[in-house]
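Below is one structure, written out as structure tokens, with a few remarks after it.
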Amino acid sequence: MTQPDPYRHHPELKGQIKPAAESVFRTLDLDAIDARSIAQGRDPNWRTPCEDREAGRRAWLNGRMDQDLWVFGYGSLMWDPALVFSEVRRARVQGFGRSFCLWDEGGRGTVEQPGLMLALDTGEGCEGLVFRVAAADVDAESFILFRREMIADAYKPAWLTLRTAQGPVEALGFVANHGHERIRPGIPLDRQARMLAVAEGELGTGFDYLTSTQAHLAHMGIDDAYISDLYRRTVALR
């Protein structure tokens, strides 16, 4: 039987989302990341131990492993979800917004020149994409997802109620954990721009990350005033 097209609601997204098999997040080597972190002078205990993260994943998804799982993407998950998914929709969540409040000394920054990455923090609303993972794939795909998003405790998982044109869904999202030292809300916008203009780490530059966010939102016709303003300021600095 032919499977439904995952892009049936949004054919314009074809070619805009990286296929799962091409994503580096499916094959993360945490031992290699640990070795590089130590060589760079970072705290060797910066990330969550694998056994703790795995226990957390199983506890969070307890009773849901045999059900389809919706996953909300508001940043890089929009164009590089690293997931095998059977459906994608545009979606909006109330009460949250994008924020470059995640202090980054590895992925897109260094200890000497820290960068910033996005978190989902309190706000007036956030539009993005929601991906449906089929029940048969939930265990394997959520393992990859948690290894990426919960590599440290700067995020915390949350069940979010999303609005989509096809109806409401409950989705797994990862939101800012204000109890973690790397979540630093309130950084002035001009300082955010200065950091993003120059920071670079193992995953690339902060500017590329911001540019990809702006470009994918523009492609979907999503106007995020915060991202647009920050992008203009960062471009001006460069």
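Only counting other Cβ atoms within 10 Å, I'd like Ile144, Ile187 sorted with the fewest neighbours first.
Ascending Cβ contact count within 10 Å gives the list Ile187, Ile144.
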When a/c is below 1.5 the answer is rounded, else prolate if a/b is larger than b/c, else oblate, so apply that to the chain with a ≥ b ≥ c taken from the square roots of the Cα gyration tensor eigenvalues. oblate
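Grab the Cα-Cα distance for Arg64 and Ala165, subtract it from 0.36 nm times how many residues apart they are, and report the gain in nm with one decimal.
On the way: separation 101, 0.36 × 101 = 36.36 nm, distance 2.43 nm.
Gain on extension, Arg64 to Ala165, equals 33.9 nm.
Counting Lys +1, Arg +1, Asp -1, Glu -1, what net charge surrounds Gly204 among other residues with beta carbon under 13 Å of its beta carbon? Could the numbers behind the result be given before it?
Numbers: positive: Arg108; negative: Asp80, Asp104, Glu200, Glu202, Asp208.
For residues surrounding Gly204, the net value is -4.
Return the FRET efficiency for the residue pair Leu30, Ala236: r is the Cβ-Cβ distance, R0 is 41 Å, and the value is rounded to the nearest 0.05.
Numbers: r = 38 Å, r/R0 = 0.92.
In this case the efficiency is close to 0.60.
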Which of Cys126, Cys50 has the fewest other C-beta atoms within 10 Å, and how do the rest follow up to the most? Cys50, Cys126
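By average Cβ neighbour count within 10 Å, what is the ranking of 194-202, 9-17 from highest down? Let's see the in-between values first.
On the way: 194-202: 19.1, 9-17: 14.1.
Result, highest mean first: 194-202, 9-17.
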Over the chain, with a Gaussian network built from C-alpha contacts below 10 Å, which listed residue (Ala32, Ala20, Ala215) shows the highest mean-square fluctuation? Ala32
Report the label-to-label distance for Asp190 and Glu202 in nanometres (one decimal), using points 7 Å from each Cα along the Cα→Cβ vector. 3.5
I want to verify a result. In a Gaussian network model of the chain, Cα cutoff 10 Å, which of these has the top mean-square fluctuation: Gly63, Gly75, Gly173? Gly63
Toward the positive end of the charge dipole of the range 136-208, about the Cα centre and with charges on Cβ (Lys, Arg +1; Asp, Glu -1), which of Leu145, Pro168, Leu196 goes farthest? Leu196
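Let me have the 222 nm mean residue ellipticity of the chain computed from DSSP H runs of 4+ only, each contributing -39500 (n - 2.57), with the sum over all residues rounded to the nearest 500. Don't skip to the answer; put the middle values down first.
Details: 6 runs with 70 residues, N = 238.
Calculated from helices alone, the mean residue ellipticity at 222 nm is -9000 deg cm²/dmol.
For the chain, give the magnitude of the charge dipole about the Cα centre (Cβ charges: +1 Lys/Arg, -1 Asp/Glu; no others), in debye to the nearest 20. Mind showing how you got there, number by number?
Numbers: 28 positive and 34 negative charges, 99 e Å.
The dipole magnitude comes to about 480 debye.
Any read-out appearing in this document is the output of simple, stated calculations on the displayed coordinates, not a laboratory observation. Remember, predicted model here, so these are calculated numbers, not experimental data. Ideal geometry is used to build each Cβ from the backbone, glycine not excepted, and the neighbour counts take in all protein chains shown.
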